[in-house]
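A short worksheet on the structure shown next.
Just so it is clear, none of the values below were taken in a lab; they were calculated from the coordinates. On a predicted model such as this, the values are computed, not experimentally measured, just so you know. Here the Cβ is made from the backbone with ideal geometry for all residues, glycine too, and neighbour counts use every protein chain on show.
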Amino acid sequence: MPHFFKSTLLPVSAAEAYAWHARPGAFERLIPPWEPVHLNVSEPLAEGSLARLGLQLGPLPLELPWHARHRHVHPGEQFQDVQERGPFQQWEHTHRFVPLDNRHCRLEDEISFQLPLAPLSTCVLPLVYAKLERMFAYRHAVTRADCAIHQHYARQGVRPMKILVTGASGLIGSALIPFLTTGGHEVLRLVRQRNGSASSVHWSPSQGEIDAKALEGLDAVIHLAGESIADGRWTEAKKNRILKSRTEGTLLLAQTLAKLKKKPKLLISASAIGYYGDCDDQDLTEDSPPGDDFLADVCLQWEKSCQPARDAGIRVINPRIGLVLSGKGGALEKMLMPFQLGLGGVLGRGQQYLSWIAIDDVVAAFLHLLTHPELAGPINLTAPEPLTNAEFTRTLGKVLLRPTILPVPAFSLRALMGEMADALLLSSAKVLPDRLLDSGFEFKYPDIVSALRHVLGGKG
């Protein structure tokens, strides 16, 4: 039977490594962004518990069920996933946590599997092994980094927090929540649909409705909700929705938090580097003035909407977030198809600066903000090495092993996207994370090559 094995050293005890895997969100953290797998149902890790996964079959709305039963569960030592239904004829995945000392262990993943139609399928085994190696390289990198981060704060005396998150299903929220829960924090989601879940709180910003009672006693609130700026042409109606979704929701939340008897100590309310507008090659820090275009005005009003919370003595941080690199969504995912087809190229003149940040550095930065009480006000969330569109294009092509020889003229982008093209693709913002670095934050992916290789699983 084919066999795969991978191990790595973790900077935590075997008990803590096991606990990380047993907490809610571990599956979401471990699935690589390029894998079309999602979790439908996951019972708490215990002998005989079941995980029901869905495997997306190409671009069609078809899903292959993949059910795995947990067997040989020994807390602090190991557990096994045994396929009961799915794409393999047989699949047994053993997770082991081998203690080395009270601060280190070895994570071992051992898989025995049988492909369907064996032995005729033997010819594809090299492809399967390559896929497993790529997947588990990602999984072990995430596990090692996450365990190190949470252990660092635990040793500094940071205790588990109760945190409310809005925009939970968005690009950042969907990565942030499992990052926090695997670290032992309790997360509530502020949602528009009443679903009866104990981990969800209802609100309706357009109606001015929010369940204030459920917000009593929170440690912190992370506000990420807002209309997407990249979906659809910027009509006047669209621009109005973009503005109102940020200012109305933020103001309602800030006013509600200000009136609570047991107020949270911190409100982190997202903003964006669109605050600075188009600034060519000028170095931009948190002290730089706002721009004069639509997005700059949105960001300015967005941040001002937090004022009721500030007036009530709540510490407020406005992270001005750059282009988030993730294979699961956002701008990078939209770029992938033309680049993978060899049709990628520079946009416009290619000299406009792109200020970016890897998704795993985003979530780590949010935990940094949560645990550093000296930080308040605007904080740039961008990697320390902004680069031009031409440099980004060349690097993305290298990681994907594809040519990048087809430039896209500015006039064609404007014809296709209108005002949005200038704001999102052709403007230049060379944003530096001065306050984040000064406060001691360390980037896991400070350069574009390491960031793209991580989120895309590339080797170029």
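At-a-glance table
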{"item": "Normalised contact order of the chain, rounded percent, pairs of Cα under 8 Å and 6 or more residues apart", "result": "13 percent"}
{"item": "When each of Lys131/Lys430; Lys263/Lys304; Lys213/Lys444; Lys238/Lys328 is checked by Cα-Cα distance, pairs over 29 Å", "result": "Lys131/Lys430; Lys213/Lys444"}
{"item": "The range 340-389-the range 401-460 distance, computed between alpha-carbon centres (Å)", "result": "8 Å"}
{"item": "Net charge of Cβ neighbours under 13 Å - reference Leu432; Lys, Arg +1; Asp, Glu -1", "result": "-4"}
{"item": "Filtered GluC sites (Glu not before Pro), the range 20-72: DSSP coil and at most 15 other beta carbons within 10 Å", "result": "Glu47"}
{"item": "Per-residue Cβ neighbour rank within 10 angstrom, fewest leading, Met1, Met135", "result": "Met1, Met135"}
{"item": "Efficiency of FRET from Cβ geometry, Arg134 and Leu406, R₀ 22 Å, rounded to 0.05", "result": "0.20"}
{"item": "Tensor-based shape of the range 158-456 (alpha-carbon gyration tensor, a/c under 1.5 rounded, otherwise prolate or oblate)", "result": "prolate"}
{"item": "The range 53-68 - phi-based ³J(HN,Hα) in whole Hz, Karplus 6.51/-1.76/1.60, Gly and Pro as x", "result": "10, x, 10, 5, 9, x, x, 6, x, 10, 9, 8, x, 9, 10, 10"}
{"item": "Three-way shape label, the range 385-460, alpha-carbon gyration tensor, a/c 1.5", "result": "oblate"}
{"item": "Label-point gap, in nm, between Ala212 and Arg310 - each point 7 angstrom along Cα→Cβ", "result": "2.2 nm"}
{"item": "Surrounding net charge for Pro378, when Lys and Arg each add one and Asp and Glu each subtract one, Cβ distance under 11 Å", "result": "-2"}
